[in-house]
Amino acid sequence: MAWLKRNANRLWLVMILLAVGGVLALIDQRGELLSPGPLPDSSEGEPDYYLEQVVYTRFDQQGRPYQTLESPRVTHISDSDVSLADTPVIGLIDENERHWRITGDHGRVGPGGDRITLSGNARAVQPDDLWRLETDTLEYDRDSARVWSDSESRFFQGEQRTRGDRFQAWINEDRMLLEGNVSGTLLPDR
């Protein structure tokens, strides 16, 4: 008890320092929880904003939807008016109201959304005609309504499988072209 009386002032000082340290630690942790974190890196330039859990639709001048985009994260670069998307799922609607779906690990949507590049496990699917394309990099140009890949492409339609070094399809037409070392498996009708 005598020791406690002699060291009471020191003990109070230690308790006050511990309390202040605890409050400062809480403030520091709270600041980390509230801050959005570092901005994503991009070779395109500095992003002006990013969006999370994105779902948006583009409409033509008559108010008809022609393109959708879903992505867990989209980063917009204002200098080039380009958006970079993580694991995008892009829906396209052609002139015949057929729905197309293109996906990839990474996406780059050019100015106005008219030029799209998907890389890493890129796929194009046209469910009405039961066909699917798989490749490393897939390009889409809205002005020409063309989907293409300049890398090895694997095309599937029903039981048929075909591969080639390059692929092109025009979504408003029933036209597709595989080029370079084309080989395929066509199963007979049963």
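Results for (1) closer than 23 Å to ASP136 by Cα; (2) hydroxyl-bearing (Ser, Thr, Tyr), shown as yes or no for each residue.
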| residue | (1), (2) |
| --- | --- |
| SER78 | no, yes |
| ASP81 | no, no |
| ASP86 | yes, no |
| ARG98 | no, no |
| ARG101 | yes, no |
| ASP105 | yes, no |
| PRO111 | yes, no |
| ARG115 | yes, no |
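Of all the listed residues (ARG64, ARG30), the sole one being of a type outside the set (A, V, I, L, M), farther than 22 Å from HIS76 by Cα and modelled with pLDDT under 85 is ARG30. Sub-9 Å Cβ pairs linking a first residue in the stretch 131-159 that is farther than 12 Å from MET176 by Cβ and assigned to a loop (DSSP other than H, G, I, E, B) to a second residue that is among the aliphatic types (A, V, I, L, M) and modelled with pLDDT of 90 or more, at least 6 apart or interchain, are ARG142/ILE116; SER151/ALA122; SER151/LEU138, ordered by first then second residue.
Being touching a Pro at 6+ places or on another chain (Cβ under 6 Å) and either modelled with pLDDT under 90 or in the same structural domain as GLN67 (by the TED database) (or both) holds for only one residue in GLY107, GLY164, and it is GLY107.
Is it the case that the stretch 47-59 has a residue that's surrounded by 10 or more Cβ atoms within 10 Å (Cβ to Cβ), at pLDDT 90 or above, among the charged types (D, E, K, R) and in contact with a Phe, Trp or Tyr (Cβ under 9 Å, 6 or more places away or on another chain)? So far as the stretch 47-59 goes, no, none of its residues is surrounded by 10 or more Cβ atoms within 10 Å (Cβ to Cβ), at pLDDT 90 or above, among the charged types (D, E, K, R) and in contact with a Phe, Trp or Tyr (Cβ under 9 Å, 6 or more places away or on another chain).
In the stretch 172-188, the qualifying residues are those that are more than 17 Å from PHE156 (Cβ to Cβ) and surrounded by 12 or more Cβ atoms within 10 Å (Cβ to Cβ), and the one that is nearest to the chain's Cα centre (by Cα) is ASN172.
Using the structure shown, decide if SER119 is assigned by the TED database to the domain that holds GLY104, of a type in the set (Ser, Thr, Tyr) and not in a strand (DSSP E or B). So SER119 does not fit the description; no.
Of note, GLN157 does not satisfy the criterion of being open to solvent by 80 Å² or more (accessible area, probe 1.4 Å), modelled with pLDDT under 90 and polar (S, T, N, Q).
The values are calculated or read from the model by the stated rules, or taken from the named source; none is laboratory data. None of these values were measured; they are calculated from a predicted model. Methodologically, a virtual Cβ is constructed for each residue, glycine included, from the backbone with ideal geometry; neighbour enumeration extends over all protein chains shown. Note: areas computed on protein heavy atoms with side chains; ligands, DNA, RNA excluded. Shrake-Rupley method; radii C 1.70, N 1.55, O 1.52, S 1.80 Å.
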